[in-house]
Amino acid sequence: MILPYLFIAPTSKKGRGVFTQESIAAGTVIEIAPVIVMPPKDRPILDQTLLHDYIFEWGTDSSYCCMALGYVPIYNHAYNSNCDYEMDYETDTITIKTMCDIVAGAELCINYNGTWNDNKPVWFDAV
């Protein structure tokens, strides 16, 4: 499920991103995406590819990884993001929800650290 007013468009510095054509209220579920779960033995191979930047650690012990479908791989990172994601290990889905009111035309971002306001440096910002 992806809300019909979301769209993918170019960004000035991040390639592509997810945007909204309509204003969205805080607490709105904007996407529920299925994931493809991969076993631990596949992780070293994936880490050698471009997919490394798009996979999520998966499972209660994070020993698995997954590739999310839908728009999930296109949401850009922001330390104080306007969206959060929740992983459901039983249904193999990721849900994206807004954390604040969002105006029409805004880019929707998630925090790659797993918590919408976590300021710990991510791998591509680490020095």
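Every test in (1) surrounded by 13 or more Cβ atoms within 10 Å (Cβ to Cβ); (2) touching a residue at least 40 places away in the same chain (Cβ under 8 Å); (3) farther than 18 Å from R16 by Cα is passed by V103 save one, and that test is (1). Just one of the listed residues (L51, L3) is farther than 20 Å from T91 by Cα and either free of Cβ contacts under 8 Å to residues at least 24 places away in the same chain or surrounded by 13 or more Cβ atoms within 10 Å (Cβ to Cβ) (or both), and it is L51. Among the residues of region 83-112, the one identified as of a type in the set (S, T, N, Q), in contact with a Phe, Trp or Tyr (Cβ under 8 Å, 6 or more places away or on another chain) and part of a loop (DSSP other than H, G, I, E, B) is N111. Is there a residue in region 6-19 that is in contact with a Leu (Cβ under 8 Å, 6 or more places away or on another chain) and among the hydroxyl-bearing types (S, T, Y)? Scanning region 6-19, I find no residue that is in contact with a Leu (Cβ under 8 Å, 6 or more places away or on another chain) and among the hydroxyl-bearing types (S, T, Y), so the answer is no. Just to verify a result, which residue in region 58-88, among those that are on the phi < 0 side of the Ramachandran plot and hydroxyl-bearing (S, T, Y), is surrounded by the fewest Cβ atoms within 10 Å (Cβ to Cβ)? Residue satisfying both the conditions and the ranking: T60. Being part of a loop (DSSP other than H, G, I, E, B) and of a type outside the set (V, I, T) is a property that does not hold for G17.
Looking across region 97-117, the residues that are under 14 Å from the mean Cα position of the chain (by Cα) and of a type in the set (D, E, K, R) come down to K97, E107. Checked against (1) more than 18 Å from the chain's Cα centre (by Cα); (2) at pLDDT 95 or above, I30 passes all but a single condition, namely (1). Checked against the criteria, G70 does not count as within 14 Å of the chain's Cα centre (by Cα), modelled with pLDDT of 95 or more and part of a strand (DSSP E or B).
Inspect region 32-42 for any residue being touching a Lys or Arg at 6+ places or on another chain (Cβ under 7 Å) and surrounded by 12 or more Cβ atoms within 10 Å (Cβ to Cβ) and give the result as yes or no. Looking through region 32-42, none of the residues is touching a Lys or Arg at 6+ places or on another chain (Cβ under 7 Å) and surrounded by 12 or more Cβ atoms within 10 Å (Cβ to Cβ). Residues in region 61-69 include at least one that is touching an Asp or Glu at 6+ places or on another chain (Cβ under 9 Å), more than 19 Å from M1 (Cβ to Cβ), without any contact (Cβ under 8 Å) to a residue 60 or more places away in the chain and among the polar types (S, T, N, Q).
The values are calculated or read from the model by the stated rules, or taken from the named source; none is laboratory data. Not measured: the values here are computed from a predicted model. Neighbour counts run over all protein chains shown; Cβ positions are idealised from the backbone, glycine included.
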